[in-house]
Amino acid sequence: MVSSLGARWSRLARSRKLLLVAGGVGVVVGVAATLNYISDNDGLSLIDPSNPTRSYMMVFLLVALDSVVPIFPGETTLNAAATAAAQGTLELAPIIVAGALGAIVGDSALFWIARRSSTRVAPQLEKARANEKIKQALAIMDTSAPLLIVGGRYVPGMRFVVNATMGLSDIPYRRFLPWSVLGGVLWSVYTCLLAYKVSTTLAEFPLASVVISGFVTTAIIAIVLVIVRRRKREVAAPAEPGSTA
């Protein structure tokens, strides 16, 4: 494999090699700088109302990175930006667009990373699947790929499992992408509008609005999963003795 990669590299034009090296260095430096920056910060401190362009870019970047490496505060940053919009210091529409684009780009990045580097992604995927909450969510939503792609984004840890699984499967990217776009857009709209509404209601407590928004989403997810699981059990339950068809 190493010799094959070496042969491919040797056949590349010099300009292409320089471009690949520069791009690789740029990615490494960018990720390293982001990791270094967020090590002492969270999604709240990354939003700077005095610099809207930078804030929108941070929403896009951290949501995209969060889709690939779940240690990044993507959702927190999105909530914080929507909270700032409710206070009139940022615009809500660009935040929604940045969040949706970040989700779509991140989903696609993980999809192709899993497809091209299955041996590296598979062990991490199995570790994530071992989580009990992920197991329960998968058991409920495993009826179709579209449902997993769209619905999995709302369950903590599920977006990594779903997108990595899709990349490791034989599903074509052209089928994966439309559902990823739908899921990313719906998730960004829902997350931003919820945070915006809560922050507007609790104008005196902007930080509390971020926490409450996350709590509301978690509660809704839990309720939906319980209802769906109960219905599946009722459908699967055998008819009582003596009942008629």
Legend entry - Counted residues, the range 43-53 - those being at pLDDT below 90 and surrounded by fewer than 17 Cβ atoms within 10 Å (Cβ to Cβ): 5
Legend entry - First in the range 179-200 and in a helix (DSSP H, G or I), second anywhere and hydroxyl-bearing (S, T, Y) and buried (at least 18 other Cβ atoms within 10 Å of the Cβ), Cβ under 6 Å, 6 or more apart: L194/S213; A195/T83; A195/S213; V198/S209; V198/S213; S199/T83; S199/S209
Inset, instruction - Would you please name the residue that is most open to solvent (accessible area, probe 1.4 Å), looking only at residues in the range 104-123 that are farther than 23 Å from G151 by Cβ and polar (S, T, N, Q)? - result: T119
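Across the range 141-154, what is the number of residues that are surrounded by fewer than 22 Cβ atoms within 10 Å (Cβ to Cβ) and either touching a Leu at 6+ places or on another chain (Cβ under 6 Å) or at pLDDT 75 or above (or both)?
6
Residues are listed down the side, and each one gets a yes or a no for (1) over 23 Å from N79 (Cα atoms); (2) at pLDDT 85 or above; (3) open to solvent by 80 Å² or more (accessible area, probe 1.4 Å):
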{"site": "P156", "(1), (2), (3)": "no, no, yes"}
{"site": "V181", "(1), (2), (3)": "no, yes, no"}
{"site": "G184", "(1), (2), (3)": "no, yes, no"}
{"site": "W187", "(1), (2), (3)": "no, yes, no"}
{"site": "P206", "(1), (2), (3)": "no, no, no"}
{"site": "S213", "(1), (2), (3)": "no, no, no"}
{"site": "T217", "(1), (2), (3)": "no, no, no"}
{"site": "E240", "(1), (2), (3)": "yes, no, yes"}
{"site": "A245", "(1), (2), (3)": "yes, no, yes"}
Inset, instruction - Might you let me know whether the range 64-77 holds any residue that is open to solvent by 60 Å² or more (accessible area, probe 1.4 Å), hydrophobic (A, V, I, L, M, F, W, C) and assigned to a helix (DSSP H, G or I)? - result: no
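Conditions (1) open to solvent by less than 60 Å² (accessible area, probe 1.4 Å); (2) part of a helix (DSSP H, G or I); (3) modelled with pLDDT of 70 or more, marked per residue:
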residue: V25; (1), (2), (3): no, yes, no
residue: G30; (1), (2), (3): yes, yes, no
residue: M58; (1), (2), (3): yes, yes, yes
residue: A84; (1), (2), (3): yes, yes, yes
residue: L90; (1), (2), (3): yes, no, yes
residue: G102; (1), (2), (3): yes, yes, yes
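The values are calculated or read from the model by the stated rules, or taken from the named source; none is laboratory data. In this text, all values refer to a predicted model and were calculated from it rather than measured experimentally. Cβ coordinates were reconstructed from backbone atoms using ideal geometry, including for glycine residues, and neighbour counts include every protein chain displayed. Note: areas computed on protein heavy atoms with side chains; ligands, DNA, RNA excluded. Shrake-Rupley method; radii C 1.70, N 1.55, O 1.52, S 1.80 Å.
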